[in-house]
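The values are calculated or read from the model by the stated rules, or taken from the named source; none is laboratory data. Bear in mind the structure is a predicted one, so any value in this text is a computation, not a measurement. Quick reminder, even Gly has a Cβ in these numbers, built from the backbone with ideal geometry, and neighbours come from all protein chains shown. These area figures cover heavy atoms from the full protein model, side chains too; ligands, DNA and RNA do not enter into them. Shrake-Rupley method; radii C 1.70, N 1.55, O 1.52, S 1.80 Å.
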Amino acid sequence: MTKGPDFDVVAAHKYFSVEFFNKAWDYVDMPNRSIDEADKMLHLSLASLWHWTQREDCTSTNLSIGYWQVSRVFALLRQAENARHYGELCLEASQKEGVLPFYLGYAYEALARAELVAGNQDKMEGYLTHAQEVAAILPDPQEKKQLLSDLDTMH
């Protein structure tokens, strides 16, 4: 008979999904990263997303956030195809019922960044326009300010 782990698997997924997301964010915020730090950033963001997918309480909003972070990491690593792939997954999750428009705005932001990295100016501008349209209808002034501020970093 196979013996189970000596720890609570459900609690582990809850812990690591959040912990790895936050640790990845520390690397995202770094102005300069070594190759080792870039690898850690990528591994942490992917591990966080995987742990989220193992949680019974994982929602489309959680997936939107996880896909967004992975897309952002790939954009920082200048890997346009991977950034686009996860941006598309983010958009898909963000369009599900119950996901607030704020997350849809960030899905478009992720896709705009992917196209910026790919050098596709027209596609980037199209996604920026979609993100700005979402920002215009956000009822929370802090969310609107945050999204618009992040969009401004692409000009």
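Just a few scattered comments:
- Answer label, with Cα extents along the principal axes in Å calculated from the coordinates and candidates [x] 61, 27, 27; [y] 39, 35, 32; [z] 58, 38, 25: [z]
- Highest mobility in the GNM of the chain, judged by mean-square fluctuation with C-alpha springs under 10 Å and restricted to 67, 127, 15, is found for 15.
- Residue of 54, 95, 132 that the Gaussian network model of the chain assigns the largest fluctuation, springs spanning Cα pairs under 10 Å: 54
- With the charge dipole of the chain set up from +1 on Lys and Arg Cβ and -1 on Asp and Glu Cβ about the Cα centre, the Cα lying farthest toward the positive end among the listed residues 42, 129, 119 is that of 42.
- Fluctuation leader among 87, 66, 98 - the chain, Gaussian network, Cα springs under 10 angstrom: 98
- Converting phi to 3J(HN,Hα) with the Karplus coefficients 6.51, -1.76 and 1.60 and the offset θ = phi - 60°, the range 118-129 yields 6, x, 9, 4, 5, 5, 4, 4, x, 5, 4, 4 Hz in sequence order, with x at every glycine or proline.
- Accessible area (Å², 1.4 Å probe, nearest 10) - residue 68: 30 Å²
- Counting only protein heavy atoms and a probe of 1.4 Å, the accessible surface of the chain is 54% carbon and sulfur.
- Excluding same-chain neighbours fewer than eight residues apart, no lysines are reachable from residue 123 by a Cα-Cα span under 16 Å.
- Shape analysis of the range 50-142 places it in the oblate category; the axes a ≥ b ≥ c from the Cα gyration tensor give an a/c of at least 1.5, with a/b not above b/c.
- Counted charge near residue 117, where neighbours are those whose Cβ lies closer than 10 Å (Asp, Glu -1; Lys, Arg +1): +1
- Tilt relative to the chain, helix 35-53 - C-alpha long axis, 0 to 90 degrees, to 10: 70 degrees
- Environment charge of residue 43, counting only residues whose C-beta is closer than 12 Å and scoring Lys/Arg +1, Asp/Glu -1: -1
- Extended-chain gain in nm, criterion 0.36 nm per residue less alpha-carbon gap, residue 152 and residue 39: 38.0 nm
- Set of aspartates and glutamates near residue 14 by C-alpha distance (under 17 Å), chain-local residues within fewer than 8 positions excluded: 6, 56, 57
- Under 19 Å from residue 40, Cα to Cα: lysines that are on another chain or at least 8 residues apart: 23
- Per residue value of the accessible surface for the range 1-109 (all protein chains in place, 1.4 Å probe), Å²: 58 Å²
- For the range 1-100, the relative contact order works out to 24 percent when only alpha carbon pairs closer than 8 Å and six or more residues apart are counted.
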